[in-house]
1. Which of the residues that make up the range 69-85 are open to solvent by less than 40 Å² (accessible area, probe 1.4 Å) and either touching a helix residue (DSSP H, G or I) at 6+ places or on another chain (Cβ under 8 Å) or hydrophobic (A, V, I, L, M, F, W, C) (or both)?
2. Just checking, how many residues over the range 1-37 are of a type in the set (Gly, Ala, Ser), at pLDDT 90 or above and surrounded by 11 or more Cβ atoms within 10 Å (Cβ to Cβ)?
3. With the requirement that a residue be closer than 18 Å to residue 119 by Cα, surrounded by 15 or more Cβ atoms within 10 Å (Cβ to Cβ) and of a type in the set (Gly, Ala, Ser), what does the range 201-231 give you?
4. If you take the residues of the range 76-128 that are of a type in the set (Ser, Thr, Tyr) and modelled with pLDDT under 95, which of them is nearest to residue 200 (Cα to Cα)?
5. Tally up the residues in the range 147-164 that are touching an Asp or Glu at 6+ places or on another chain (Cβ under 8 Å) and surrounded by fewer than 16 Cβ atoms within 10 Å (Cβ to Cβ), please.
6. Do you know which residues across the range 100-131 are over 11 Å from the mean Cα position of the chain (by Cα), outside any loop (DSSP other than H, G, I, E, B) and crowded, with 20+ Cβ neighbours inside 10 Å?
7. Those residues that are part of a strand (DSSP E or B) and touching a Phe, Trp or Tyr at 6+ places or on another chain (Cβ under 6 Å), I need them from the range 45-63; list them, please.
8. Name the single residue that is most open to solvent (accessible area, probe 1.4 Å) among those in the range 186-200 being within 18 Å of residue 101 (Cα to Cα) and touching a residue at least 24 places away in the same chain (Cβ under 8 Å).
Amino acid sequence: MRLDKLLANMGHGSRKDVKALVKKKKVAVNGEITKDTGFQLDPEKDMVTVNGEMVQYRKYIYLMMNKPPGYVSATVDDREKTVIDLLPNDYQIFSPFPVGRLDKDTEGLLLVTNDGELAHQLTSPKKNIEKTYYAEINGRITDVDKEKFADGIVLDDGYKTKPAVLTILQAGVISEAEITVTEGKYHQVKRMVEATGKRVRFLKRLRMGNLRLDPDLKPGAFRELTSVEVDMLQK
């Protein structure tokens, strides 16, 4: 990797800024002051310092976010606030993106990373990664609804979903349930519930694969995944 690319990626400004640092003899590679911004190095092995402080190279970041309502699951949007806007610049410099989508008014677990391969594995329909949601529903849910979910629900466009799990927590005028799906169709959980003649009034994702939402994370907050959690996702 070029030295200027490494330093720019690690938050030391634009390549123009890095060039200025090098010109002022502020940058060293393996203890030697360098004058070449295009110096080729191995970021995993070579030691780079700026103003005497070591640059810690990171290729990927993995963040668990408790997505709040009112934010869209995108990197940029001309009209809406995005989940990336919730991250400080120290993380935005890695060009992270949300893995999968949660509707603007849906809350809960969202994985944010810059690891494209992992994101592909977690969102590929062939992998059947389970996603569990807590839902509050206008209308009484029944065992008949459970059977319909288990068989697959026919949506308003005629598509029949893969089998899903509906767990009734409370049935009443306003019902509570946990819903587990293995797909990510547009507004899928809401449309599945609507196909039974009811409507979702609140939705929160609790789990994606083996990763569960940290109960200590307030809406809008995030934390880095532990090494154990990263290994779990990669497996």
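The values are calculated or read from the model by the stated rules, or taken from the named source; none is laboratory data. Owing to the predicted nature of the structure, the values given are computational and were not obtained by experimental measurement. Please note: Cβ atoms are built from the backbone with ideal geometry, for glycine as well, and neighbour counts cover all protein chains shown. Remember, those area values only see protein heavy atoms, side chains included, never the ligands or the DNA or RNA. Shrake-Rupley method; radii C 1.70, N 1.55, O 1.52, S 1.80 Å.
1. Selection gives 72, 73, 74, 83, 84.
2. Going through the range 1-37 one residue at a time, the tally reaches 2.
3. Hit for the range 201-231 is 209, nothing else.
4. 123
5. Total satisfying the criteria: 3.
6. Selection gives 107, 131.
7. Result: 63, single match.
8. Across the range 186-200, the extreme among qualifying residues is 187.
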